[in-house]
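The values are calculated or read from the model by the stated rules, or taken from the named source; none is laboratory data. These numbers were taken from a predicted model, which means no experiment stands behind them. In this analysis, Cβ positions are derived from the backbone assuming ideal geometry, glycine residues included, and neighbour counts consider all displayed protein chains.
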Amino acid sequence: MSVSEFFVLMNGHPWAYFPVILCFAVVFVNGWTDGPNSIATLVMTRSMRPGRAVVMSAILNFFGVLAVGLVAAYSTIFSNVVQTISDIVTFNPMTEADLTDSFIALGVGLFAVVFFSSVSTKLNMPSSESNELVGGLTGAAFALTCLPSSSLFGIICVSGSVWITVLLGFVGSLVLGFFLGWAITKAIELLCSKMSRGGTTRFFTRAQIVSAGLMSFVHGLQDGSKFLGVFVIVTMMLGKYSGMTLSVSSLLAEWWVFLPVPILMFAGSCMGGFNIIKTLGKDMATLQKYQAFATDIAAFIGLLLATFLGVPVSTGSVKTTAILGGGATRSLKKVHWDVAGKMVGLWVLVFPLTAIIGFVVTIALAAIF
């Protein structure tokens, strides 16, 4: 599908603009609220000035998302998360009214992400767009199956296997982040035990810039894939309803499909999110420079592994638990477990709450329109 064909189909089905615009809004919000996770420890250990760290993170977020599209033409290695998100809900509208309802449902699912990300930011908490996206889309899809006027009435539109993958990824990311944060920090302490403190401090001051850069890149890779997945859902629905046969790989090979996402994530990342930087980098645990480096590397490994396996996980959850693991190597008292507990509790609640919003708002809008 070419970009001109896409806009012809969009203009023929104006409700398609609803999820597309919201998808792009969510990408911007993601860069603003989730991007700071990558540089939180870098800034709070004063290894880099906040303004420079934000610019570096924004640039590497951009290239992380861009890599999904550039590599997709040759391999699925970076596009597995796109496939997972595009598989989580399956709409097969038979009429124009059903197509409109499906676009409303997708848009509402994305609205839930914007809403909860905004709430999380107000609470100075790192958001979990993965959980919000899955919950919102699931609730909205179930709403369509409850509309007697819809051809989707009574049909299961949500993939149970993908939901299991998401839940396993959520729990696994918490455990893996903590373990890697603890293990890598311990390994550094063992390797550097006989080195001078001044020399290691200078080394890890510079090394943190590299580790935070890697973290920013893989954030773009992982989170950009999620919202590319939503855009792919909309495009495939338009194509299928018009008689086209499209696939995830063929769409990602088109520059116009993936290019808006890195641009918007770059713009959102430039907003800074300094309150979240403070929460992650200081309020949870007091880290030395080498511990901060270890948590970045731990989160980078965890996110890269999840991306290869096609598991959508929260950047914030992996980075948070890595910080907890790194901070716990010296003493459990060095970790502010109350702050961490609030974060984990919020991430768990996101699933049912966004699902409820998706369900209720979809029913309401479908009844109005």
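For region 190-212, filtering for residues that are surrounded by fewer than 20 Cβ atoms within 10 Å (Cβ to Cβ) and either basic (Lys, Arg) or touching a Ser or Thr at 6+ places or on another chain (Cβ under 8 Å) (or both) leaves 7.
Considering region 78-112, the residues that are closer than 22 Å to residue 26 by Cβ and hydroxyl-bearing (Ser, Thr, Tyr) include one that is farthest from the chain's Cα centre (by Cα), namely 100. Just one of (1) in a helix (DSSP H, G or I); (2) surrounded by fewer than 23 Cβ atoms within 10 Å (Cβ to Cβ) fails for residue 48. It is (1). Just to be sure, is residue 58 closer than 22 Å to residue 366 by Cβ and assigned to a helix (DSSP H, G or I)? It is false that residue 58 is closer than 22 Å to residue 366 by Cβ and assigned to a helix (DSSP H, G or I). Screening region 238-286 for residues that are among the aliphatic types (A, V, I, L, M) and not in a helix (DSSP H, G or I) and picking the one that is modelled with the highest pLDDT gives 259. With respect to the conditions (1) farther than 20 Å from residue 229 by Cβ; (2) part of a helix (DSSP H, G or I), residue 19 lacks only one, and its number is (1). Residues in region 184-206 that are under 17 Å from residue 296 (Cα atoms), among the hydrophobic types (A, V, I, L, M, F, W, C) and at pLDDT below 90: 203, 204. Could you please let me know if residue 230 is over 20 Å from residue 128 (Cβ atoms) and assigned to a helix (DSSP H, G or I)? Against the criterion (over 20 Å from residue 128 (Cβ atoms) and assigned to a helix (DSSP H, G or I)), residue 230 does not qualify. Listed by first and then second residue, the pairs with beta-carbon distance under 8 Å, at least 6 apart or on different chains, first residue in region 213-228 and more than 11 Å from residue 26 (Cα to Cα), second assigned to a helix (DSSP H, G or I) and among the charged types (D, E, K, R), are 214/296; 215/296; 215/319. If I filter region 67-77 for residues that are within 19 Å of the chain's Cα centre (by Cα), crowded, with 24+ Cβ neighbours inside 10 Å, outside any loop (DSSP other than H, G, I, E, B) and at pLDDT 80 or above, do I get at least one hit? The answer is yes; a qualifying residue exists. Given the residues 150, 161, which is the only one that is at pLDDT below 85 and touching a Leu at 6+ places or on another chain (Cβ under 9 Å)? Going through 150, 161 in turn, just one is at pLDDT below 85 and touching a Leu at 6+ places or on another chain (Cβ under 9 Å): 150. What single numbered condition from (1) modelled with pLDDT of 80 or more; (2) within 17 Å of residue 166 (Cα to Cα) fails to hold for residue 143? The failed condition is (2). Of all residue pairs spaced 6 or more apart or on separate chains, those with beta-carbon atoms under 7 Å, a first member in region 74-89 that is closer than 20 Å to residue 163 by Cα and a second member that is of a type in the set (Phe, Trp, Tyr) are 80/308. Only residues that are outside any helix (DSSP H, G or I) and of a type outside the set (Asp, Glu) were counted in region 23-45, giving 2. The set of residues from region 356-369 being of a type in the set (Gly, Ala, Ser) and either farther than 10 Å from residue 143 by Cβ or not in a helix (DSSP H, G or I) (or both) comprises just one member, 367. Restricting region 96-140 to residues that are at pLDDT 80 or above and among the charged types (D, E, K, R) leaves a set whose member that is surrounded by the fewest Cβ atoms within 10 Å (Cβ to Cβ) is 101.
Restricting 161, 173 to those that are touching a residue at least 24 places away in the same chain (Cβ under 8 Å) and among the hydroxyl-bearing types (Ser, Thr, Tyr) reduces the list to 173.
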